[in-house]
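**Q** Mind looking over this structure? Questions follow.
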Amino acid sequence: MGFFRDWRRKRTLKSARLDETLWKRVAAKLSFLRGLSEEDTDRLKQLVVLFLAEKEMHGAHGLQLTDEVRLSIAAQACLPILNLGLDVYQGWVGVVVYPGEFRVQKEEVDEDGVVHSFEEELAGEAWPGGPVILSWEDVGIAERGYNVVIHEFAHKIHMDGGGDADYPAARDGMDASAWRKTLKEGYDRFCAEVDSGEPTFIDPYAAEHPAEFFAVMSEAFFTESAVLARDWPELYAQLALFYKQDPAAGSM
Ligand SMILES: [Zn+2]
């Protein structure tokens, strides 16, 4: 199985060509890619070619997916796995892209056991073992520190890679208790900052749940790495071990 996959990937890399002009146009809008070395950029492009060959992207609500949209999403989805490999995204194929925020029906059970159903507007959603859903309008926002693609793919890495509902499992070679302790203390510190009413540099949505804290901090790790390394050094160091990248200092 692994052999066949390797063989197929080699064949894909031989036959598929990345449109360099289009890549330059897409990369120009993703400022956080500028810190990558030439070698890392080449490896990212290879991952993107394989990602586009192995995943299926669909536009919803009439959205036509241009090559530029597909390439942009693939580039952002592959950045977190640059040193982890595409197999992290194994077991599912779909990426659904809506033109803007999309409505989902949610249900919540309250303390008395009463089920409340309500509609929610989302910019992105990820399903364990299932598709990633994105709002193209929100992908386009991609300002520093905010990145819906990295956010949802961080959830995928978490959901499909072990761990519990709060935090992903540490990688082999990491100190699992230091990883968990740093995330937990970071989450508590961040919730206290949000509660104090002071404006936070990190999106306050990170206070919603430990899993959101991980996803939002992953966005900052890749798109505002220097600020995260300065303000959250322990967390930055743990994320660098987890993703096997050191974007604040160039790739490891
Ligand atoms: Zn989320």
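Read-outs throughout are calculated quantities, based only on the coordinates presented, and are distinct from any laboratory measurement. Note that the structure is predicted; figures quoted are calculated from it, not measured. Here the Cβ is made from the backbone with ideal geometry for all residues, glycine too, and neighbour counts use every protein chain on show.
**Q** Quick check on my link table: of K14/K45; K181/K244; K24/K45; K106/K181; K45/K244; K14/K55, which ones sit more than 22 Å apart, alpha carbon to alpha carbon?
**A** K106/K181
**Q** Also: Report the relative contact order of the range 1-134, percent, no decimals, based on alpha-carbon pairs under 8 angstrom and at least 6 residues apart.
**A** The value is 21 percent.
**Q** Among E137, E212, E39, which one shows the highest mean-square fluctuation when the chain is modelled as a Gaussian network with alpha-carbon springs under 10 Å?
**A** Maximum among the listed residues: E39.
**Q** OK, next. For the chain, set up a Gaussian network in which alpha carbons nearer than 10 Å are linked by springs, and say which option among P210, P168, P233 fluctuates the most.
**A** P233
**Q** Write down the percent of antiparallel bridges among all DSSP beta bridges whose residues are both part of the range 64-188, to the nearest 5.
**A** Of the beta bridges lying entirely in the range 64-188, close to 75 percent run antiparallel.
**Q** Could you please rank C191, C78, placing first whichever residue has the fewest other Cβ atoms within 10 Å of its Cβ?
**A** Final ranking by Cβ density, sparse to dense: C191, C78.
**Q** For the range 120-183, just say rounded, prolate or oblate: build the C-alpha gyration tensor, square-root its eigenvalues into a ≥ b ≥ c, call rounded for a/c under 1.5, and beyond that prolate if a/b exceeds b/c, oblate if not.
**A** prolate
**Q** For the range 146-252, what class follows from the C-alpha gyration tensor (a ≥ b ≥ c being the square roots of its eigenvalues): rounded when a/c is under 1.5, otherwise prolate if a/b is larger than b/c, else oblate?
**A** rounded
**Q** G94's amide H: which non-local residues (gap 5+, or another chain) put their own amide H closer than 5 Å, with H modeled 1.01 Å from N in plane and none for Pro or chain starts?
**A** Residues meeting the criterion, in which the H sits 1.01 Å from N, are E56, V132.
**Q** Go ahead and set up a Gaussian network model of the chain, Cα springs under 10 Å, then flag whichever of E208, E107, E152 fluctuates most.
**A** Highest fluctuation of the listed residues: E107.
**Q** Right, here's the next one. From the square roots a ≥ b ≥ c of the eigenvalues of the alpha-carbon gyration tensor of the range 200-252, which class results: rounded (a/c under 1.5), prolate (a/b over b/c), or oblate?
**A** Since a/c reaches 1.5 and a/b is larger than b/c, the shape of the range 200-252 is classed as prolate.
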